[in-house]
Amino acid sequence: MASDGILKTGLFWFTNDLRVDDNPALAKAAAEVDKLICIYCAAPISTFHDHQAPGKLSPIRQQFLFDSLTDLEKALAEQGQQLAVEFKSPGDAIPEYITQYNISHIYSSHNAGEYEQKIWNTLRKRYSMIQFSQIDTHTLFDRSQLPFAMEKLPESFSKFRRLVSDIAVREELGKPSYLPSSCLSAQSNWQNTWERHNFHSQPIENQLFKGGSQAARQHLQNYFKGRSASTYKETRNGLDEHSNGVNFSTKFSPWLSNGSLSARQIVCHLQQYESEVEANESTYWIYFELLWREYFQWYAHRHKANLFKFQGIKNSNPTTSFYAERFQKWCQGNTPYPIVNACMNQLNATGYMSNRGRQLVASCFVHELNLDWRYGAAYMEQQLVDYDVASNWGNWQYLAGVGADPRGHRRFDLDKQTKIYDPKGLFINHWGGDQHLEALDSRDIVDWPI
Ligand code: FAD
């Protein structure tokens, strides 16, 4: 109870920080209020192209989210808390809690998503008597640690990396020692209504990743128990580990994307590996790639709605367009390019694709199919189990030549790439990339487009 005798009731709005460990926003809430309500809003699944609202989620993404929320609920329950899951927009749900529970404090993580940030700002304006706190939990650094103002974010990754090279990543926090009790009377039983809201929750064939902090921690420990980190730089560009059983890349991204795992937790384990096992160029490279992620996070905060614009952060529109048939063929893995088809088949079946694969399919989308990059980014938003607004849209802008790439034009030679990364055709064969090779455009007998 506050010294003035007034009960402080907090509301914690979980977004992409679905963890209790190393969650400085939750730790702040725990330290400041007497009662706490924890909510997550699984917003109604909306239309495909509307980036003012969350995109459609594939069944794999839905299942991953379901598992992540179930795990979060369990972790909260271990500390006497509850999780309420609302199937409505946070802009509708939060005001109802404010009125019903006399909320005095609201907490959330800083979110690079335009949609979440807009709702946050609207709520702040509308409820000036409530204390709002937003904390950086999705990034390695706090914004206060950055040696530049947000509008001065360097235009290229290399400059950014130089500027942040001396910043120390702070130690990971454990669980808060205590969480204030909830003022919700009953368990929300959200699992029972999950399917009624058209969300998928049945086990999925080919599910590579189990959602939730527990699975994330397990994966983190296993990864650093082996020696994969010592060879990461040589293997990270590989197309698929399933062809020979090697951990080509870390596979941290699914849990990082919804915050069941924090980037800081990874760096702490990485540093431990470096001090106890080995520090080499490969181990540094894991940090280097996390800095790429970091750059795109701040890039999204800096450029806001421009992250989704056709012209990106440049001044002129690309010359690409939208062709329904080509787009559909790309999504379904039926293009004339076996390597692209194999990658898309892998994405559709598992929700995952390697970084190299993503570069190849995005380059094909823009340069071979001449398609408007935003449709490709939107499709990945729907399908990728590790979808992250900043990394996805930032990388797509980069490859479409409208983003942070100083060279501005990255076209991958698909034949050459196939020879380098799939010389024996194992990956293409495994994912059936050469089974449905189709011409890009259907034409009638006298060569008119159909
Ligand atoms: P690793 O190679 O093991 O890298 C370790 C971590 O570093 C990753 O988990 C990730 O957090 C970060 N990282 C690595 N490469 C990048 C990169 N290019 N940009 C940003 N962060 C990086 N990543 C996502 O997390 N979500 C996305 O929605 C996403 N969309 C992408 C779309 C395109 C077109 C491209 C080219 C890349 C995209 N990436 C995205 C980046 C990258 O492909 C994935 O992070 C990576 O493949 C995930 O596998 P991993 O964890 O094994 O990566």
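Among strands (runs of 3 or more DSSP E) entirely within the stretch 49-161, having at least 3 residues that are not charged (D, E, K, R) singles out 105-109, 131-135. If the condition is being farther than 27 Å from Asn392 by Cβ, surrounded by fewer than 22 Cβ atoms within 10 Å (Cβ to Cβ) and among the aliphatic types (A, V, I, L, M), then the stretch 101-148 contributes Met129, Ile130. Residues in the stretch 350-372 include none that are surrounded by fewer than 19 Cβ atoms within 10 Å (Cβ to Cβ) and among the small types (Gly, Ala, Ser). Restricting attention to the stretch 284-309 and to residues that are hydroxyl-bearing (Ser, Thr, Tyr) and surrounded by fewer than 21 Cβ atoms within 10 Å (Cβ to Cβ), the residue that is nearest to the ligand (Cβ to nearest atom) turns out to be Tyr287. Note on the stretch 376-409: among residues that are more than 8 Å from the ligand (Cβ to nearest atom) and among the polar types (S, T, N, Q), the one that is surrounded by the fewest Cβ atoms within 10 Å (Cβ to Cβ) is Gln382. Examine the stretch 243-259 for a residue that is at pLDDT below 90, within 12 Å of the ligand (Cβ to nearest atom) and crowded, with 16+ Cβ neighbours inside 10 Å, and state whether such a residue exists. Yes, the stretch 243-259 contains a residue that is at pLDDT below 90, within 12 Å of the ligand (Cβ to nearest atom) and crowded, with 16+ Cβ neighbours inside 10 Å. Note on the stretch 260-281: residues that are surrounded by 19 or more Cβ atoms within 10 Å (Cβ to Cβ), outside any helix (DSSP H, G or I) and away from the ligand (no atom under 12 Å from the Cβ) total 1.
Look at the stretch 21-35: where a residue is on the phi > 0 side of the Ramachandran plot and modelled with pLDDT of 95 or more and a partner is assigned to a loop (DSSP other than H, G, I, E, B) and buried (at least 19 other Cβ atoms within 10 Å of the Cβ), sitting 6+ places away or on another chain with Cβ atoms under 6 Å, you get Asp22/Ser262. Take Gly5 and tell me if it is at pLDDT below 90, over 16 Å from Gln131 (Cα atoms) and of a type in the set (Gly, Ala, Ser). When the stated conditions are applied, Gly5 passes them. Restricting the first member to the stretch 352-363 and to residues that are more than 17 Å from Asp415 (Cβ to Cβ) and near the ligand (Cβ under 8 Å from one of its atoms), and the second to residues that are outside any helix (DSSP H, G or I) and among the hydrophobic types (A, V, I, L, M, F, W, C), the beta-carbon pairs closer than 8 Å and six or more apart or on different chains are Tyr352/Leu208; Tyr352/Phe209; Tyr352/Leu384; Tyr352/Val385; Met353/Leu384; Ser354/Leu239; Ser354/Phe248. Would you mind stating whether His436 is free of Cβ contacts under 8 Å to residues at least 40 places away in the same chain, more than 11 Å from the ligand (Cβ to nearest atom) and under 25 Å from Ala324 (Cα atoms)? No: the conditions fail for His436. Number of residues in the stretch 157-186 that are touching a residue at least 40 places away in the same chain (Cβ under 8 Å) and surrounded by 13 or more Cβ atoms within 10 Å (Cβ to Cβ) equals 16. Cβ-Cβ contacts under 6 Å between residues 6 or more apart (or on different chains), taken from a first residue in the stretch 209-236 that is closer than 26 Å to Gln383 by Cα to a second residue that is at pLDDT 95 or above and surrounded by fewer than 17 Cβ atoms within 10 Å (Cβ to Cβ), are listed as Tyr232/Trp285.
Given (1) touching a helix residue (DSSP H, G or I) at 6+ places or on another chain (Cβ under 7 Å); (2) among the β-branched types (Val, Ile, Thr); (3) over 27 Å from Phe308 (Cβ atoms); (4) touching a residue at least 60 places away in the same chain (Cβ under 8 Å), where does Ile94 come up short, assuming only one miss? All conditions are met except number (3). When the residues of the stretch 364-375 are filtered to those that are more than 11 Å from the ligand (Cβ to nearest atom) and within 19 Å of the chain's Cα centre (by Cα), the one that is nearest to Pro318 (Cα to Cα) is Arg374.
Cβ-Cβ distances below 9 Å connect the following pairs, each with a first residue in the stretch 123-144 that is more than 20 Å from Leu18 (Cβ to Cβ), a second residue that is among the polar types (S, T, N, Q), and a separation of six or more residues or different chains: Met129/Ser104; Ile130/Ser104; Gln131/Ser104; Phe132/Ser108.
The values are calculated or read from the model by the stated rules, or taken from the named source; none is laboratory data. Since the model is a prediction, treat every value here as computed from it, not as a measurement. Glycine also receives a Cβ, built like all others from the backbone with ideal geometry; neighbour counts cover every protein chain displayed.
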